[in-house]
Structure formats: structure tokens, C-alpha cells
Amino acid sequence: MLITLLFSLSIVSSRKTSAKYFYNTQRPLIIAHRGASGYIPEHTLQAYDIASYMGADFIEPDLVPTKDFSLIINHENLLNETTNVESLPQFCHLHTTKTISTYAGPVTETGWFSEDFTLSEIKELRAKQRLSFRPETLNFYFQKITINEALDWVINQNKERITKNQTLLGAYIELKYPNYFNSLGFDVEDMLLKILKERGIDNIKGASEICPIILQCFELESLQYMSKKTDLPLVYLINSAYPVFNMSYYADYVDGVGPNNGAIFTPNGEITDFVHQAHGYGLAVHMWVIRDDVPFSGFNRPQTYEAVLEAKLDGIFDEFPDSASIYFSGST
């Protein structure tokens, strides 16, 4: 009896968003991981445009700051893997080694870092495919972009969707390494919330009408801070390499959790109890990441999406959003 009461109290005290766009009762949300990054250099407007065309519900920008306090979109502050920076002689002097505090502990890397560049210098770079086994024919054609540019693009897309009575495209935004950047004086959470406020999408009401917004991070402290500043849906990202989950604690601050596939499926493809645990505390589960060209648990493409439905996932991060859209449209 006491256990049941405590379980009930944990659900009552949990933060459960009223944002209807955070849930899809027909199928899992399709979140285009870095855009349609399986086909085109990631985190470019072109990758987001293709993802939108392919049926994604959300694009997924990752944010890092520049020296002059702009938030650009890149998977991390290291620019080597996603741009042509190392081939541009004007930036040789910015090559350096840094130790960066991350959710997984300190990481030492050598290269070029966003926080050492101004926005105008970032605009001199061109995007490239991060993974060598994917198409590289579109390398060096597209600029890196800011979150301002991405949001304005989504908002314009949605103006057209509204006239056609279509579902709005959303932005599922991740702050990268906020503790590290805040230690350098950037205050990235406030920078992001200011940008959202300028567009009237810093709350559920505005986001529901203009551009659905979900905020995510691997650092729970950052989400705790933002939970006091906004009612937008918050998602805590989790890596199964660190398998200590405290769902009741997460539920007080966030609306969902974003585990990697290793938390949901065992190496032989069996479904764990992660989703069941999370749902017990009112937490949505959005799993990362599905890649057609890098299958997990031995699944082929149809088996992957069958397993997603069987696991009762609320959303998936997918680098080939057309595959998910095609499968789910045929299964509902």
C-alpha cells in the first residue's frame, strides 16, 4: 500500500507538459537527427529542408556559441569534422588543443573551435559530410547557419503550412556542453531563451501557434535552470553507457528522456524495461539514433521500425526521415 502511494505521489509531482505537439498518438514523432544527415551535410538549411519534405515532424539543431555571442548550429564546438576549416589558411592561427568538460567527463581535442571564431568567420566555412561512407558530392556547397536563421526558416515554412491546414514543423533544440560554455561567460541558456522570446516561441502557447519547440540537453542542470524560465517541453538526453536511471527525479524537471538505442534494446534485439519505467513516471521516450546505413541489434530497416512500435517509443531521432515516414504511413 505504501509503495503504491509513493508511486502515485511521484506521478502527481512530475512535470508533464501540456504541449500537444509533444505527443503523437498515431505513431512516434519523427525527429530528423541533424536534418536529413544521411543524405546531405548535416545541420545545413538544405538538410533541414529535405527532412521537412521527407515527412519529419521536427528538425534537430545542436547549438554552440561563437566568440561574438552568436549561437551557431553544429554537432559540437569542434569544427574539423563538419567543415572545411582545416583547408583555410586564414584560420591556421586558431588551431589549438582544449580540454572540454562534457556530461561524460573531460575530453581533450585538437582542432578549431567555434568559440574562437566570430560569426562572420564562421560564414567563411563550408559544410562537409561528417561520415566518410556517406555521399560527399555536396561537400563545401553550404554555409553553417545560426539558430536564428534556422528558426526563421521554420517559421516561414509554417506560414505556408498554416494556409494548407498542415501540421507545423518543429525545432527540437539541443544545447551542447552548457556547463563548459557558461564557465567561459556565455550563459547559453539565456542566449537561447532570448532568441526564442524575440520570435514569440519561448512558451507553449506561442510555440504551438508559430513553431513547436522542444529543448533537450545531456546536462540535467541546464534543463533544471530552463524549467524555471519556460514551460516549453524539456527532454533529458541519456547514454546507456551510464546505466543509472532515476526516473522519479528526472520527472520533477523534464517532460521526457532521450536514451540511445542501447538503453531500449539489448545487443540481441530484446526490449528492455526502460520505456515502461519512464512511462510509469509520465515521461515520454524519444530514442536516438536510427541510421539506415548503421543498423543496430541486427535489425534491418523494417525490423527497426517494427521494434520501435513494439517498444512503445514516443519518438525517434532518425538520420533517414523518409524511411520512418514511409514505414509509419503504411502501418497506421
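No lab work stands behind these numbers, since they all come straight from the coordinates. Note that the coordinates shown come from a computational prediction; the quantities given were computed from them, not determined experimentally. FYI the Cβ positions are ideal-geometry reconstructions off the backbone, even for glycines, and counts take in every protein chain you see.
Relative to the longest principal axis of the C-alpha atoms of the chain, give the angle of the C-alpha long axis of helix 2-13, reported between 0 and 90° and rounded to the nearest 10°.
Relative to the chain, helix 2-13 is tipped by roughly 40 degrees.
From Cα coordinates alone, what are the radius of gyration and Dmax values for the range 272-322 in angstrom?
Gyration radius and largest Cα-Cα distance of the range 272-322: 11.4, 34 Å.
Cut-off 10 angstrom, C-alpha nodes, Gaussian network model of the chain. Which of GLY38, GLY262, GLY105 fluctuates the most?
GLY105
Go through the range 134-151 residue by residue and turn each phi into a ³J(HN,Hα) via Karplus (6.51, -1.76, 1.60, θ = phi - 60°); whole Hz please, and just put x for glycine and proline.
Along the range 134-151, the couplings run 9, x, 10, 5, 9, 4, 6, 9, 10, 7, 6, 10, 8, 5, 4, 5, 5, 5 Hz.
Set the Förster radius R0 to 22 Å, insert the Cβ-Cβ distance between GLU136 and LEU88 as r into 1/(1 + (r/R0)^6), and round the FRET efficiency to 0.05.
Taking R0 as 22 Å, the efficiency between GLU136 and LEU88 is 0.75.
In nm, give the distance between the simple-model label positions of ASN300 and ALA104, each being 7 Å from the Cα along the Cα-to-Cβ direction.
3.1
Percent of Cα-Cα pairs per 5 Å bin, from 0 to the last occupied bin, for the range 232-285, please list those.
Percent of pairs per bin, in order: 4, 21, 33, 25, 11, 4, 1, 0.
At q = 0.13, 0.25 Å⁻¹, what is the base-10 log of I(q)/I(0) for the range 78-122 according to the Debye formula with one equal point scatterer per Cα and no solvent? Please give it to two decimals.
Evaluating at q = 0.13, 0.25 Å⁻¹ gives log10 I(q)/I(0) of -0.30, -0.93.
Based on the Cβ-Cβ distance of LYS194 and LYS228, what FRET efficiency does E = 1/(1 + (r/R0)^6) give at R0 = 22 Å, to the nearest 0.05?
Values: r = 15 Å, r/R0 = 0.70.
Efficiency, rounded to the nearest 0.05: 0.90.
State, to one decimal in nm, how far the label point of ASP273 lies from the label point of TYR242, with both points 7 Å from Cα in the Cβ direction.
According to this spin-label approximation, the distance is 2.4 nm.
Identify the trypsin sites (Lys or Arg not before Pro) of the range 103-212 meeting these criteria: DSSP loop state and at most 12 other C-beta atoms within 10 Å of the C-beta.
LYS164
According to the Cα gyration tensor, what semi-axes, each the square root of 5 times an eigenvalue, does the equivalent ellipsoid of the chain have, listed from largest to smallest in whole Å?
30, 23, 21
Measure nothing fancy, just the Cα-based angle from helix 321-331's long axis to the longest principal axis of the chain, in degrees from 0 to 90, nearest 10.
The answer is roughly 20 degrees.
Between THR97 and LYS123, what is the label-to-label distance in nm when each label sits 7 Å out along the Cα-to-Cβ direction?
So the two model labels end up 3.5 nm from each other.
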